[in-house]
1. Please determine, by comparing only the residues of the stretch B:87-114 that are free of Cβ contacts under 8 Å to residues at least 40 places away in the same chain, more than 12 Å from chain A (Cβ to nearest Cβ) and open to solvent by 20 Å² or more (accessible area, probe 1.4 Å), which one is nearest to the chain's Cα centre (by Cα).
2. Residues to consider are B:A157, B:A195, B:A106; find the one that is more than 23 Å from A:V48 (Cα to Cα) and of a type in the set (A, V, I, L, M).
3. State all residues of the stretch A:54-86 that are crowded, with 17+ Cβ neighbours inside 10 Å, part of a loop (DSSP other than H, G, I, E, B) and among the acidic types (D, E); if no residue qualifies, say none.
4. Being modelled with pLDDT of 95 or more, within 11 Å of another protein chain (Cβ to nearest Cβ) and out of contact with any helix residue (DSSP H, G or I) (no Cβ under 8 Å at 6 or more places or on another chain) is the requirement here; does A:F84 meet it?
5. Take A:V68 and tell me if it is over 17 Å from B:Y104 (Cβ atoms) and at pLDDT 95 or above.
6. Report the residue count in the stretch B:191-201 for those that are at pLDDT 95 or above and open to solvent by less than 50 Å² (accessible area, probe 1.4 Å).
7. Within the stretch A:26-50, take every residue that is of a type in the set (D, E) and at pLDDT 95 or above and give me the one that is nearest to the chain's Cα centre (by Cα).
8. Can you tell me which residues in the stretch A:67-90 are of a type in the set (D, E, K, R) and under 19 Å from B:C71 (Cα atoms)?
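The values are calculated or read from the model by the stated rules, or taken from the named source; none is laboratory data. Every value quoted in this text rests on a predicted model; they were computed, and no experiment measured them. As a convention, Cβ positions derive from the backbone with ideal geometry for all residues, glycine included, and neighbour counts pool all protein chains shown. The accessibility values were calculated without ligands, DNA or RNA, using every heavy atom of the protein model including side chains. Shrake-Rupley method; radii C 1.70, N 1.55, O 1.52, S 1.80 Å.
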Protein chains: 2
Amino acid sequence: MKLYTSHRAPNPRRVRWVMAEKGIEGVEIVEIDLLTGEHRTPEYRARVGVPHVPALELDDGTTISESVAICRYLEAMHPEPNLFGRDPREQAVIEMWTRRCEFYLANPIMLNVRHSHPALAALEATQLPQVAEYNRLSAEKFMRTLDRRLAEHAFIAEDRFTMADMVAVVGLDFARRIRYRPPEELTRLARWMEACRARPGAKAGV
Amino acid sequence: MKLYTSHRAPNPRRVRWVMAEKGIEGVEIVEIDLLTGEHRTPEYRARVGVPHVPALELDDGTTISESVAICRYLEAMHPEPNLFGRDPREQAVIEMWTRRCEFYLANPIMLNVRHSHPALAALEATQLPQVAEYNRLSAEKFMRTLDRRLAEHAFIAEDRFTMADMVAVVGLDFARRIRYRPPEELTRLARWMEACRARPGAKAGV
């Protein structure tokens, strides 16, 4: 297998983190430079179908994009430690929280960064401060939801680290590019973030 | 089990369609009126955690929001006909296309409709014609991607109807609210859309 990835971007980091949690080795890593547009070349698009990283090329030639689909495939191949749930109820709760963390936290943070960071003007044709601000406020609204949830749970979806935590903390870490820090009063969020960042897998693909 | 749903909204329709495909019966249907804000009442938020439909209340009291998480749970309980993939490779390809259809087609169509339809001003505090137009163009870009894909495949992800097709056609059908029709030259898209709409499940939850 080959993983097309970029150490600058948050979605590829999800895949690297899952690989580290599960101790997956033997995957060829192909670094793609987003700032010079290597993901937009005809060769890359012909292989992956879309100008996105990460993408996982399987040995039969199938290429999978979309980080969560790649991570779920890796879980099917390497079930332990479990990140997506052990039974249908757990799987549903974890997918629900993973999607919430993606849509209401990671995505608005990404838009905040892309509309603020000078070096990312290359990826965002028109950077708009209002878009950055709107998305910062959306993300903070969900941070408060998480802070309440983490008053009663050690982690977001279940009482162990799952895909939902990983998507959330990768999103929050991306905001460090613009020196953003979550509101200080969210102390449960801070405690949980520290626990996630202390995992050995957190250092993969950064 | 209880399903909180609204016949006016596209995400609940995904769940109703999956239930119809699989012949799932015995789920209590609770209709939520979005236009009067029934999903924003303290009772509803206390039960579901977020002001969203659909939500599935399991018999143990767990409530699942996020339509795709609900549909995957229903698949685990009622595996046939298969909509999410039979092995890890199929599951990855179907999830990849489901996510693409969601993010690059269904979501921009929803924003186009919410920023255009007079009756939806209640849901969208500030309707902006530029937002409607930007999202229409984004959705049409992905419709062209699908039209090319459908030149070689009967359906989007695999050569049978899957979750990816369902998410895409539910998205496209929502655009009928503003009398939108896809560009006429996309003839493979039109052929595929007709095949999906002819399925008995397509009439559920509309």
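1. In this case the residue turns out to be B:L111.
2. The unique qualifying residue is B:A195.
3. A:E66
4. The answer is no for A:F84.
5. No; evaluated as a whole, the condition is false for this residue.
6. 4
7. Applying the filter and picking the extreme gives A:E31.
8. The answer is A:R72, A:R86, A:D87, A:R89, A:E90.
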